[in-house]
1. Starting from residues that are open to solvent by 10 Å² or more (accessible area, probe 1.4 Å) and part of a loop (DSSP other than H, G, I, E, B), keep the ones in segment 7-20 and report whichever is farthest from Thr481 (Cα to Cα).
2. With (1) outside any helix (DSSP H, G or I); (2) more than 20 Å from the chain's Cα centre (by Cα) as the list, and Gly366 as the residue in question, which single condition is left unmet?
3. Is segment 85-96 home to any residue that is more than 16 Å from the ligand (Cβ to nearest atom), charged (D, E, K, R), touching a residue at least 60 places away in the same chain (Cβ under 8 Å) and surrounded by fewer than 23 Cβ atoms within 10 Å (Cβ to Cβ)?
4. Determine whether segment 420-432 contains at least one residue that is closer than 28 Å to Ala498 by Cβ, open to solvent by 10 Å² or more (accessible area, probe 1.4 Å), touching a Lys or Arg at 6+ places or on another chain (Cβ under 9 Å) and away from the ligand (no atom under 16 Å from the Cβ).
5. How many residues does segment 223-265 contain that are within 16 Å of the ligand (Cβ to nearest atom) and closer than 30 Å to Thr538 by Cβ?
6. Identify the residue in segment 387-416 that is among the charged types (D, E, K, R) and open to solvent by 10 Å² or more (accessible area, probe 1.4 Å) and, among all such residues, is farthest from the ligand (Cβ to nearest atom).
7. Among the residues of segment 56-75, what is the count of those that are out of contact with any helix residue (DSSP H, G or I) (no Cβ under 8 Å at 6 or more places or on another chain), open to solvent by 30 Å² or more (accessible area, probe 1.4 Å) and in contact (Cβ under 8 Å) with a residue 24 or more places away in the chain?
8. Can you name the condition, by its number, that Lys341 falls short on among (1) of a type in the set (D, E, K, R); (2) within 16 Å of the ligand (Cβ to nearest atom); (3) modelled with pLDDT of 95 or more?
Amino acid sequence: MTPTHTTGQLDTPAPTWRRETGVVIIGSGAAGLTAAVHLADADIPAVLLTRATDPAESATDWAQGGLAAVWDSTDSTDSHIADTLTAGAGLCDPAAVRTLVESAPEVIRRLVDLGADFDRAGENQDDYDLHLEGGHSARRILHSRGDGSGREVERTLLHALRRRLDQPGCSVRLRTGLRAVDILTDRHGAVCGVRVRDGAGAIGDLLAGTVVLATGGAGQAWTLTSNPAVATGDGLAMAWRAGAAVRDIEFTQFHPTILHRRAGQPRSGGRDVLISEAVRGEGAVLLDHGGHRVMAGVHPLADLAPRDVVSAAMHAHMAVTGEECLLLDARNFGPAAWAEKFPGILRMLRERGVDPVTEPVPVRPGAHYLCGGVAADMMGRTTVPGLFAIGEVAATGAQGANRLASNSVPEALVMGDRLGRWLRGLPRETPGQPVVRPSVPLTEPGSRARINELMDTHVGVLREAARLDTAIAELDALPGTGVLDDAALDTTAIHTTALLVAHAARERTESRGAHRRADHPETAPAWEVHLCLQAGPTGMRISREPVGRDSTVAALI
Ligand code: SIN
């Protein structure tokens, strides 16, 4: 057993400063910004931290899909709930889904009040140009400037926060380039702050009785990912070391169409390029190198089958033919439709030397979204008192075993809104004194490529026991380092994420939603339960919890 299985904290030099605030929010995507705006409006002292120098560097900013919500009289809340439950494959908590779906229109209206601009079909209020996406039975997806929805959400919220920060005496501060290293806990195991590291390597302790993780996902654990470079799973790893329960982390969504990049080839422009499902929605098709339709005869919806089905079919096809990638053919759109509907994707592809107007785009499935995460209820409460998780880092039960397209940004907004409002009403507690938890080693940065390789090969679209055992054994044996720097922190977070996903994937001996096992292709009724992992002082505890809103958090506290 490696120390990665136990609670603890990373070795750091002694902090050179210590400050106190009311709330620390880590992460500047939709969830963190929404909560921060509420705290500023309520005059609650808070610090919003982001490790990025540009606070817009978040998964929200990159989101090309839209925001799903019920707008039209031809649509209904029950229908959006039913679609979400179907995609979630038995692991959604129905009450969490109801809260998400019922609250989504309201949080989007608030965003519009803050200045967000979504594509319209007419002049009347709420007269939006609504789109259909995979798994939805009605047109209910809002877009902004075609494929720029996430950017519009991020821009609006950042602008709203900055306007408040500019007011004299604003209670909230935004700190960029400051990286959270560990959650601090007191002798009762409750949160009492965050240990941070600045760009020059100086360590400080920011004491607070409430810490909110809004750190997004962990796609960087795999080679090819739609996630930004900061999506290393920092929040997940910090929560894990502090003893928080992690739930359903085996459910990793692989998006079928990410621009192909060979292992070892650097990301051009610092990122992999996602080609939105909406491109297939407009009629693009997947071809093999002989020009044959990959999805023909695989599923009645062919190229518009659910994304787990498309990714699995692509994976199987490439395994048989030995092809490194497949081709997404959208030449039939023509230049005007490409420029109008997908201007961002067109620009990014052309910057990388691929012109989708005249040639098919080489694509492969890549890591996209963690449906599981830190176990949290619909207020963001985790199993560690004072620690909250919202957005992709959290597993609230709203996304189940497979997230429905365009439900992720609404969930981040709804959770940021709910937690922000709730914190407004809480009395401010004086944080306890941090205790030093046992030391956990940092992972040697040279292992990062090997972790990616293990995750691609053994913990990818299709998994099986022997391969998962190989991955776990190798991950357990990776070398540590005594050098604390950003590369070591990234690699440690990726390593922790990788181990948790591999263990959970090994434990769940069935195929369900985004988790597929070659050796257990069936969906087993006995597995219609949440799988929870929790670090203890002596090792990892694994348990199964019934599906039902808030049950996991309540049961594990
Ligand atoms: C996409 O546009 O294909 C991704 C959207 C999502 O993951 O919801």
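The values are calculated or read from the model by the stated rules, or taken from the named source; none is laboratory data. Since we're looking at a predicted model, the values are computed, not measured. Here the Cβ positions follow ideal geometry from the backbone for every residue, glycine too, while neighbour counts run over all protein chains shown. Ligands, DNA and RNA are excluded from the accessible area calculation, which covers all protein heavy atoms including side chains. Shrake-Rupley method; radii C 1.70, N 1.55, O 1.52, S 1.80 Å.
1. First, pick out the residues of segment 7-20 that are open to solvent by 10 Å² or more (accessible area, probe 1.4 Å): 7, 9, 11-20.
Then keep just the ones that are part of a loop (DSSP other than H, G, I, E, B); that gives 7, 11-16.
Details: Thr7: 18, Asp11: 10, Thr12: 12, Pro13: 14, Ala14: 18, Pro15: 20, Thr16: 22 Å.
This residue is Thr16.
2. Failed condition: (2).
3. no
4. Looking only at segment 420-432, we keep the residues that are closer than 28 Å to Ala498 by Cβ, and these are none.
For segment 420-432, residues closer than 28 Å to Ala498 by Cβ, open to solvent by 10 Å² or more (accessible area, probe 1.4 Å), touching a Lys or Arg at 6+ places or on another chain (Cβ under 9 Å) and away from the ligand (no atom under 16 Å from the Cβ): absent.
5. Within segment 223-265, residues that are within 16 Å of the ligand (Cβ to nearest atom) and closer than 30 Å to Thr538 by Cβ number 2.
6. Glu392
7. 3
8. (3)
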